Amino acid sequence: MSIFALTLAYLRDRKLATLLNILLLTLGVATLVLLRIFASQLESRLDRDAQGIDLVVGAKGSPMQLILSGVFHIDAPTGNIPLETLDLLRRQPTVGQAIPLALGDNFRGFRIVGTEAGYLDLYGAELADGRLFDRPMEAVIGSAVAAGTHAALGQRFTGSHGLGEGGHSHEDTPFTVVGRLKPTGTVVDRLILTPVESVWNVHGIHHEEHEDGHEHAPSAEETHGHHHDHDHDHEARPAPAAMDSGRQAELKPEVTAILVRYRSALGAVQLPGFINRQTDLQAAVPAVELARILSLVGIGLDTMRVLALLQMLTAALSIFVALYGSLQKRQGDMALLRVIGASRGQVFGQVLLEGLLLAAAGAILGLLLGHAVVGVAAAIFPELRELGVSALHFDPAELLILLGALGLGLLAALIPALQVYRTDIARTLAEVQ
Amino acid sequence: MALQDEPLLELKAVHHAIGGRTIVEIEHWALRPGEHALLLGPSGSGKTSLINIVCGLVAPTGGEVRVAGERMTGVSALEKDDLRRRRIGLVFQTLRLVSALTVRQNLLLAQTIGRRLRDEADVDRLIGRVGLSHRAHGRPRELSQGEGQRAAIARALVARPALVIADEPTSALDDANTGRMLDLLFDSAAATGATLLVATHDERVRGRFAHRLELAARA
C-alpha cells in the first residue's frame, strides 16, 4: 500500500465525482484532438493536392471556385475556356508545363476528368494494373474509384452529366477501364481519368442528339454566369467541357481549366498578369487560395477550440471543487498520515497526484475518444476517407493537448494541496479528537 | 553507554506556554526501554500538548526532547517527521484509521510509510494478534468502537516503533473492556518490543503501570 494506492482508494471512494471529473475533461480533450486531427489532416491533404501546381487558368469568375474545382475537385467550375488557350500558354517561355482538364461528368459521384498523362505525373500516380489510356473513351481509375465501384479492367461504364450523382446518363458513349491506379493519398484517388477527347466525344454526341433545344448546354460565359441573370441550377451541373460558346450547331473544343507549372520564377511575375488581361481568362494561384480557404476554415476551428478550452477549464474547476470538498472531510486522514510519519511533501504530493491522475485519465480517454470519433466518422462518411482523414494518424500537437490537460489537473489540485501542506497537525488533531 | 541504558524518551527543562500562559513545565523526566509508563493528569493539565511536543508536532517554547537519543527539538520539520516515522507509534481515541482504506490496507500503508518495507505476513500476524482477522477487509466505518480501537493499536505497532504513545485509550470503555484493552496493549508491545506511554485521566489503569509522569492541574 503506497501513496499512489491510497490516492486511487480516495478516487474510488468518491466514484461519482471522479467519473464526472474525468468525463468533463475527456470531452474537452476529445474535442481538441478531433479539431486538431481534422485541421491538420485536411491541411496536409490540401497541400498535397496543390503541390507542384503554380497557377490554374480558367474562365473568369471566383478564383477560389476555380481552385476548388480545378485542383481539389470539390466545387463547380467557373466555366470553360477555348482549347487555343492551351497552345497560347504552351508558347509562353515562362511556362514549363500546361495540363488541360475537361470536367462535366461523373460516374457514381466520381468525377470524370479529361486530361493528359502529365496529370498523373503531377501526383506521382502509378498503375496498380492495366495500362494508361491512349485513345478516347479509355479510362484509368483512381484507387478510391476502384474500391467504390468494384470496376475491373475491361469494365464498361457510362458517365452521367454533372459533377454529382443523379445527372442523366450518356449511354451511347461508354468508357472502358484500361488501368487502375495505386493509392496516392491525393485527389487522384477519387478521379476517373481519360483523354480530353473523350469528354468532347461524349458531349458532342450527346448534344447533337438533343439539338431540339435541350437546356444543358450553356456557354462558358453563361456557365460562370456572373454577368447576367439565370437560374443557378447549373452550379450542381456545370457545363461540360465540350460545348460551343453559344452556337450549338458548331462545336468547338474547350477545356475547363489548365494547370500550369512555371519554367522559372519569372513566370510568377509575368504570367498571371498576362492571363488576366485576356478577356475571358483568369489565373488563380493555388497557394494564395489555399491560404484563404484555410483562414476561412480556421475561424470556425478557432471558435470551436475556444469552446473546447472553456470545457477543459470547467473540468479543471470541477476537479478543484471535488478535491477541495473531499479534503474538508479528510482533514483527520491527512493528520493521521502525518502522525504515521508522512512528511508535508508526501501529503502535498498525494493531493497533487489525485489531480494529476484525474487529468491523466481524462486526457488519455479524451485522446482515445477523439480518435474513435474520427474512425467512426471516416467509416460513415466516405468524403472524410477521401480527404485522407484517418483515426490512426497521431499529430505531435496531441502531445501538447495531453500536457495541457495534465497541467490543468495539477493546477486544480495546487490550492487544495497547498492548504494541506500548511495544515497545523496539532490543531487538526485537537479539532478531530 | 549501552543502548539499554539510554533513555527512550528524555525531557529536559521542557517548557511550553501559549499566550503567556504556561501549559507544560517539566524539569527532567526519562523513560527507559521496557518501562511502560502512564502520563497522568486531569483534563487541561497539558497531556495532549506534551504528546504533541514529544511527537514533534508542536515545538515547545523551551527545553529539549530526545527520542531514542535523537533530538526532537531544535531540528527541522523534516527531521522531526523522520524521527517520528522511525520511532513513534500513536494511538488516538477517535482518530484511528484512514477512511478510504480497509483495516489491512491501513496497516500496509502505515508499514510502507513507517518502515519503508512491505511485509504482508507481518501485517496479517498483527491483525490476528488484535483479533481482527475477520474484519481485515472491513472499512473503518464498519467497525465497532472496540474493533476500531484494536485496529488503531495494530496500526500504531505495524511500523515496529520503539515508543508507542496512546492518548486516552480506555476512557470510553467499561471496566471489562478497559482490562482487555490494557492486556492487548501490553501483549502487543511485548510482541513488538515497544515501550508504552499511556496518557490518561482514567484512575482505573493506575495499578497496571510501575512508572508514571503526573501533570498537575493548571488554573
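The values are calculated or read from the model by the stated rules, or taken from the named source; none is laboratory data. In this text, all values refer to a predicted model and were calculated from it rather than measured experimentally. Backbone-built Cβ (ideal geometry, glycine too); neighbour counts: all protein chains shown. The accessibility values were calculated without ligands, DNA or RNA, using every heavy atom of the protein model including side chains. Shrake-Rupley method; radii C 1.70, N 1.55, O 1.52, S 1.80 Å.
The table for this structure:
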{"quantity": "Helical contribution to [θ] at 222 nm, DSSP H n ≥ 4, -39,500 (n - 2.57), averaged over chain A, rounded to 500", "calculated": "-18000 deg cm²/dmol"}
{"quantity": "Set A:Lys329/B:Lys80; A:Lys15/B:Lys80; A:Lys60/A:Lys252; B:Lys47/B:Lys80 screened for pairs whose C-alpha atoms are more than 30 Å apart", "calculated": "A:Lys15/B:Lys80"}
{"quantity": "Cα-based shape type of the protein assembly as shown, given that a ≥ b ≥ c are square roots of the gyration tensor eigenvalues and the cut on a/c is 1.5", "calculated": "prolate"}
{"quantity": "For A:Leu55, residues with placed amide H under 5 Å, excluding near neighbours", "calculated": "A:Val260"}
{"quantity": "Top positive-direction residue, dipole computed over chain B with Cβ charges, set B:Ala199, B:Leu157, B:Leu184", "calculated": "B:Leu157"}
{"quantity": "Mean separation of Cα contacts under 8 Å (6+ apart) over length of chain A, as relative contact order %", "calculated": "27 percent"}
{"quantity": "J(HN,Hα) series, region A:141-156, from Karplus relation 6.51 cos²θ - 1.76 cosθ + 1.60, nearest Hz, glycine and proline x", "calculated": "10, x, 5, 5, 5, 4, 5, x, 10, 6, 6, 9, 4, x, 4, 9"}
{"quantity": "Karplus (6.51, -1.76, 1.60) ³J(HN,Hα), θ = phi - 60°, over region A:398-406, in Hz, Gly and Pro reported as x", "calculated": "5, 5, 5, 4, 4, 4, x, 5, 4"}
{"quantity": "Cα shape, region B:3-205, gyration tensor, a/c 1.5 rule", "calculated": "prolate"}
{"quantity": "Dipole moment magnitude, nearest 20 debye, the protein assembly as shown about Cα centre, only Lys, Arg, Asp, Glu C-beta charged", "calculated": "4780 debye"}
{"quantity": "Dipole magnitude of region A:1-100 about its Cα centre (Cβ charges: Lys, Arg +1; Asp, Glu -1), debye to nearest 20", "calculated": "500 debye"}
{"quantity": "Karplus-derived 3J(HN,Hα), 6.51/-1.76/1.60, for each residue of region A:101-107, Hz, glycine and proline x", "calculated": "10, 10, 10, x, 10, 9, 10"}
{"quantity": "Mean Cα-pair separation over length for chain B, i.e. relative contact order, pairs under 8 Å, 6 or more apart, %", "calculated": "27 percent"}
{"quantity": "Placed amide H near B:Val198: partners under 5 Å, 5+ positions off or other chain", "calculated": "B:Ala37, B:Leu38, B:Leu39, B:Ala166"}
{"quantity": "Selected from A:Val376, A:Val177, A:Val351 as most flexible by GNM, with chain A as the system and alpha-carbon contacts under 10 Å", "calculated": "A:Val376"}
{"quantity": "Theoretical ellipticity at 222 nm over chain B - DSSP helices of four or more residues, -39500 (n - 2.57) apiece, nearest 500", "calculated": "-10500 deg cm²/dmol"}
{"quantity": "Total accessible surface hidden between B and A, rounded to 100 Å², 1.4 Å probe", "calculated": "2300 Å²"}
{"quantity": "Whether region B:106-173 is rounded, prolate or oblate, judged on the alpha carbon gyration tensor where a/c under 1.5 counts as rounded", "calculated": "oblate"}
